[in-house]
Amino acid sequence: MFERAADVFIVSRWRAVLGTARPPCTAGGQGAQCSHVAAPPSRGKRFLKLAGMTASVAGNLARTRVKSLFQSEADAAASREESNRESGNRIAQTLGELKGAVMKVGQMASIAQDVLPKELSDALGKLQREAPPMDYAVIAEQVERELGSAPELLFSRFDPEPFAAASIGQVHRATTDDGRDVVVKVQYPGVEDAVDSDLAQLKLALRASGIVNIGREALNASFKEVRKHLHEELDYTNEAANVRLFREFHLSPGPDGGPRHDFMVLPEVVGERSSKRVLTLTYEGGDQLTDLEGLGYTQAQRDQLGRNLFNMMCSQVFELGIIHADPNPGNFAFRPDGKLVLYDFGCTKRLRLDIIGAYKDLIEQGIAEQWDAVDDALLRLEVRRPDGPRPDNDFYKGWRDTFADPFLDVAIFDYARSTVHDDVVKLIPGSIKRMSSFQPATELIFLDRTVVGHYGNMRILGSRVPSYTFLKRYLDAFAGEFVARPADPPG
């Protein structure tokens, strides 16, 4: 959590983590009717759209640079903001039209703003909320292609209107022949084939736009990590395995003989109605995060939900060593009895033991204000460049005091009143001159995304959580191994 105290490339992500809930595209009175699109663009059309976007943002950058030569410093800054806003809107519009991998990357970037200015992240934030579904005919053909029969023959009921729509697929409610209420997740056709070319063109566009402020090597490493996870996420057999893994972890017997986490609710895989591009799970209902206030959830219920969410995250990091790495509020549902329902298991991250060991040391030494040990942990996390100058202790203390705020009070931290995200923004200007000492850490991309995302979720919940007490329990118990982690797969 505290490596952001030094990694000035990614602290800006705190500004847009709040309010990024993606409400499901639903029918049947649960939400607004969705506008449908016929089918994803062909590979050739995708390339032309991305190439056109790249040319547009590159031209926008060139015009702005020429214009700034004849402007005052203040006017030039305003021109850059306007240029970034125009480029961001063009990029977001194109990614939204293309759906698939590039839209998924845009959604990630809107939360985990590793290298993006506010104007672009704001535009990309729209992708969290705007995911129009495909026509039912496209979905029915995909189901028949994958499972051998039309949806109406495979299920006793299959709703043609989508229950939810996202960047790489959409979800339909259905009922199995034996009466189970299920959700059927169907991947859009052609998404997998376009991943590599889409990402290559998107990376080129980000470079050409001039709004990416990291070097080529770091950008390549970040895209390599994202590409790896996107390919995993596009194979629904991987997601089915993830569902089973997290069910085994959270619901297996604990010390008292009951489930390890009796507050967790996870679906079951319906294997006979699943494939590489279709995944059928039992339906588990709950209330959306953005609806809790209107549903009359009490402060005590919100507190319990926040505590359960915090414990879920810490247990995955320090005990399982595998995290559910998509903290978008739409991937969770909540129940009045404090139970958390977990959805969408496509994006997970297997954490390296040495990284979590350094992560633990960073947290403990940061709280203790041991700056040499903090610097050493940042080097081990590959956040601090070994060839860069060591920042002074006052620099580390400033970031420590900001990020450690939830963990300095042994009593209760009120996330509704937290100003960490605002305090981070205030520290950024004074940190720019130390950028040469730091770099984005590839191994932390999805861990950071998870931690920052859940900070935002608990803030929306308005939970009061004994964060220090809970975190210390996991830190003290971590002794250099993941006690609940199954063997890693070969290769």
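Read-outs: derived from the displayed coordinates by stated rules, not from any lab. What you see is a predicted model; the values in this text were computed from it and never measured. Note that each Cβ is placed from the backbone with ideal geometry, even for glycine, and that neighbours are counted across all protein chains shown.
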Leading residue at positive end of dipole, segment 438-478 (Cβ point charges), from Ala441, Tyr455, Ala477: Tyr455
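Loop-only chymotrypsin sites (Phe, Trp or Tyr not before Pro) in segment 259-305, please: DSSP not H, G, I, E or B, and at most 12 other Cβ atoms within 10 Å. Each step should come with its number before you reach the end.
Numbers: sites: Phe263, Tyr283, Tyr297; in loops: Phe263, Tyr283, Tyr297.
Answer by residue number: there is no such site.
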If packing is taken as the average number of other Cβ atoms within 10 Å across a peptide's residues, how do 73-86, 447-460 rank, most packed first? 447-460, 73-86
If each part is reduced to its alpha-carbon centroid, segment 382-449 and segment 149-194 end up apart, in Å, by 42
Dipole check, segment 359-408, charges on Cβ (K,R +1; D,E -1), about Cα centroid: among Leu381, Trp399, Gln370 the Cα furthest to the positive pole belongs to Leu381
Return a whole-number percent for the relative contact order of segment 268-336, with Cα pairs under 8 Å and 6 or more residues apart as the contact set. 39
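What is segment 378-444's relative contact order, in percent, from Cα pairs under 8 angstrom and six or more apart in sequence? If you can, show how the numbers build up before the last one.
On the way: 39 pairs, mean separation 40.5, N = 67.
Relative contact order here is 60 percent.
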Would you give the gap between the C-alpha center of segment 298-313 and the C-alpha center of segment 224-271, rounded to a whole Å? 21
So for the pair Asn393, Asn89, with labels modelled 7 Å out along Cα→Cβ, what separation do we get in nm? 5.0
